[in-house]
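Undergrad: Got a structure for you, written out below as C-alpha cells; questions coming shortly.
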Amino acid sequence: MRQRLTWLVLLSAAIVVTALFYAGSVRATAANGFKATTLVQGTFSEFHAFNHSVLPNSTGIDNDENEWLSLQKTEGPSDLYVQSNTWQAGGSTGWHTHPGHSLIIVTSGTLTEYDSECKPHVYTFVPGQPAPTFIDHGHGHVHIIRNEGSVLASNIAVQLVPYDPNKANRRIDAPAPANCPNIL
C-alpha cells in the first residue's frame with residue numbers, strides 16, 4: 001500500500017511539473033521594432049456624454065444616413081492616453097489587448113492588424129487622402145499590429161481605460177492565439 005501511495009505521489013508530481021513547464025512556455029509575445037510614446041495622459045471622473053446630430057440634407061426618416069449618434073459612459077474614473085506609435089519595417093507590437101477601447105488613425109506607411117482569428121486588416125496611409133482609421137475594442141480583444149512594409153509606419157491612438165493610480169494598465173501582453181502560431 002505504501003509503495004502504491006509513493007508511486008501515486010511521484011506520478012502526480014510529474015504531472016504538475018509537466019503542466020508548469022508547458023504553462024511557462026505560453027508567454028506573451030515580445031514587441032520588436034515598435035516604439036510607443038505617450039504624448040499626453042489625463043484622468044476623467046465618471047461621465048456620461050451623448051450627442052445626436054441631424055446633418056444637412058437629412059430626410060428625417062429613421063435610420064437616415066445623415067443622422068449621427070455618439071455615446072460614451074463610464075462608471076468610475078478613467079485614464080485617457082494619446083499615444084504616438086512607430087514601427088520600423090518588419091516591426092510588431094506583439095500580441096496584446098487593452099482594458100478599454102482605442103481610436104486609431106494611421107499617419108504614415110502601412111499597418112496590418114491581425115485579430116485572434118488570424119484575419120489581416122490592412123491600413124495604408126496615402127498622402128492627400130483621408131487617413132485610415134480603425135477601432136481596437138480592447139477588453140480581451142487580442143490582436144497584433146505589424147508593419148509588413150519596407151518603410152516606417154506610424155499611428156496616433158487615443159485610449160480610454162479604467163483609472164490606474166500606477167498608470168500600468170494601458171497595455172496587457174498576451175500569448176499568440178493557438179491558431180496563429182506564425183504571426184509574431
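Undergrad: Every residue in region 85-100 that is part of a strand (DSSP E or B) and buried (at least 17 other Cβ atoms within 10 Å of the Cβ), please. Can you show your working first?
TA: Here is the first cut: in region 85-100, the ones part of a strand (DSSP E or B) are 85-92, 96-97.
Once the filter is applied, which keeps residues that are part of a strand (DSSP E or B) and buried (at least 17 other Cβ atoms within 10 Å of the Cβ), region 85-100 yields N85, T86, W87, G91, S92, H96, T97.
Undergrad: While we're on this one: Can you spot a residue in region 32-48 that is modelled with pLDDT under 95, open to solvent by less than 50 Å² (accessible area, probe 1.4 Å) and under 24 Å from I156 (Cβ atoms)?
TA: No - not one qualifying residue is present in region 32-48.
Undergrad: Looking only at region 127-142, which residues are modelled with pLDDT of 95 or more and open to solvent by 60 Å² or more (accessible area, probe 1.4 Å)?
TA: Matches in region 127-142: P127, G128, Q129, P130, T133, I135.
Undergrad: Moving to a separate point now. I'd like to know if region 143-166 contains one or more residues that are modelled with pLDDT under 95, under 22 Å from K35 (Cβ atoms) and open to solvent by 30 Å² or more (accessible area, probe 1.4 Å).
TA: Yes, that holds for at least one residue.
Undergrad: I would also like to ask the following. Identify, from the list L80, L69, the residue that is modelled with pLDDT of 95 or more and part of a strand (DSSP E or B). Working first, answer last.
TA: Numbers: L69 fails: modelled with pLDDT of 95 or more.
The conditions single out L80.
Undergrad: If you go through region 109-125 one residue at a time, do you hit one that is polar (S, T, N, Q), buried (at least 18 other Cβ atoms within 10 Å of the Cβ) and at pLDDT 95 or above?
TA: Scanning region 109-125 turns up at least one residue that is polar (S, T, N, Q), buried (at least 18 other Cβ atoms within 10 Å of the Cβ) and at pLDDT 95 or above.
Undergrad: Any idea how many residues of region 159-184 are in contact (Cβ under 8 Å) with a residue 12 or more places away in the chain, aliphatic (A, V, I, L, M), assigned to a loop (DSSP other than H, G, I, E, B) and closer than 30 Å to F47 by Cβ?
TA: Taking region 159-184 first, the residues in contact (Cβ under 8 Å) with a residue 12 or more places away in the chain are 159-164, 167, 169-177, 179-180, 183-184.
From what's left, aliphatic (A, V, I, L, M): 160-161, 172, 174, 176, 183-184.
Subset that is assigned to a loop (DSSP other than H, G, I, E, B): 174, 176, 183-184.
From the residues that got through so far, the ones that are closer than 30 Å to F47 by Cβ too are 174.
Total satisfying the criteria: 1.
The values are calculated or read from the model by the stated rules, or taken from the named source; none is laboratory data. Bear in mind the structure is a predicted one, so any value in this text is a computation, not a measurement. Ideal geometry is used to build each Cβ from the backbone, glycine not excepted, and the neighbour counts take in all protein chains shown. Ligands, DNA and RNA are excluded from the accessible area calculation, which covers all protein heavy atoms including side chains. Shrake-Rupley method; radii C 1.70, N 1.55, O 1.52, S 1.80 Å.
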